[in-house]
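The values are calculated or read from the model by the stated rules, or taken from the named source; none is laboratory data. Treat the numbers as computed from the prediction; the structure is a model and nothing was measured. Here the Cβ positions follow ideal geometry from the backbone for every residue, glycine too, while neighbour counts run over all protein chains shown.
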Amino acid sequence: MKFNGRLVKFAAYSGLCACIVSSITCGTNVVGNLSSATSDFSPNGQPIPRVLRVAFINNTNFRAIFTFGAYDQLNQNTIPTNLGQVRLEALTSSQTFTQPCRRTFSVGGAELIRLIKENRNSPQINIPDERALIQGVNFSGAPLGDPLEAEPTEGTAEGSVRLVGVDYSCARTDIRQTTGTGLLLFTFEPDAASPGGFRVDFQFVEP
């Protein structure tokens with residue numbers, strides 16, 4: 001499994017390199033992602049990750065079930081940090097979560113879920129809700145306590161994968177700050193034209 005995981009990451013790295021060569025836009029995105037600051041240095045010289053805020057809004061009539069987390073996509077030893085799992089009731093908003101700034105933030109993305117499953121024995125990984133460990137987002141109309149309360153009885157949405165320096169920033173508004181203060185806002189919407197009948201919208205709210 002580890003060898004296969006390294007092949008996947010090498011292929012991703014090769015794809016990014018090819019992307020830089022073949023497309024100015026794609027190349028700009030890659031450079032922006034790799035060059036964006038995600039950490040500051042403590043007085044003793046150790047890097048300290050900046051912090052992001054993340055929130056979710058469920059604009060559907062059904063419960064949304066999903067997993068989110070952050071990782072560094074080109075690090076072959078990357079492990080998702082601050083893994084979160086949520087069952088967000090219909091027409092409600094979540095609390096605001098804090099996340100260490102990393103190169104990639106994902107809601108139900110295939111690579112995030114793979115990394116969590118591959119590293120489930122790591123002390124850094126805590127999976128409180130196995131039924132929420134899914135690609136994408138499930139939408140359930142079953143009542144709480146029903147065996148189908150986390151199943152996609154009403155449909156699904158594809159996962160969302162966002163890159164620092166492309167989709168969001170961990171930039172500070174003041175040099176004295178040790179963290180970014182922007183907000184990653186994900187909104188779940190019904191959409192008959194999307195695979196599964198729902199979609200995940202994203203907005204980065206500047207500090």
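Considering each residue of segment 51-70 in turn, at least one proves to be outside any strand (DSSP E or B) and hydrophobic (A, V, I, L, M, F, W, C). Set side by side, the residues E149, E158, E130 differ, and just one is charged (D, E, K, R), closer than 17 Å to Q85 by Cα and in contact with a Gly (Cβ under 6 Å, 6 or more places away or on another chain), which is E158.
If we scan segment 147-168, do we find a residue that is modelled with pLDDT under 95, in the same structural domain as Q85 (by TED's automatic domain parsing) and among the small types (G, A, S)? The answer is yes, given that some residue of segment 147-168 is modelled with pLDDT under 95, in the same structural domain as Q85 (by TED's automatic domain parsing) and among the small types (G, A, S).
Got at least one residue in segment 100-107 being modelled with pLDDT of 95 or more, assigned by TED's automatic domain parsing to the domain that holds I57 and of a type in the set (S, T, Y)? Yes, that holds for at least one residue. For L183, the conditions (1) modelled with pLDDT of 95 or more; (2) under 18 Å from N58 (Cβ atoms); (3) under 18 Å from the mean Cα position of the chain (by Cα) are fulfilled apart from (1). Among residues that are polar (S, T, N, Q) and surrounded by fewer than 15 Cβ atoms within 10 Å (Cβ to Cβ), T181 is not included. Filtering V166, V161 for residues that are surrounded by fewer than 18 Cβ atoms within 10 Å (Cβ to Cβ) and in contact with a strand residue (DSSP E or B) (Cβ under 8 Å, 6 or more places away or on another chain) leaves a single hit, V161. Within the option set A132, A171, A192, being among the small types (G, A, S), over 18 Å from L88 (Cβ atoms), modelled with pLDDT of 95 or more and assigned by TED's automatic domain parsing to the domain that holds R63 holds for one residue only, A192. Just checking, does segment 37-46 include any residue being at pLDDT below 50 and surrounded by fewer than 14 Cβ atoms within 10 Å (Cβ to Cβ)? Scanning segment 37-46 turns up no residue that is at pLDDT below 50 and surrounded by fewer than 14 Cβ atoms within 10 Å (Cβ to Cβ).
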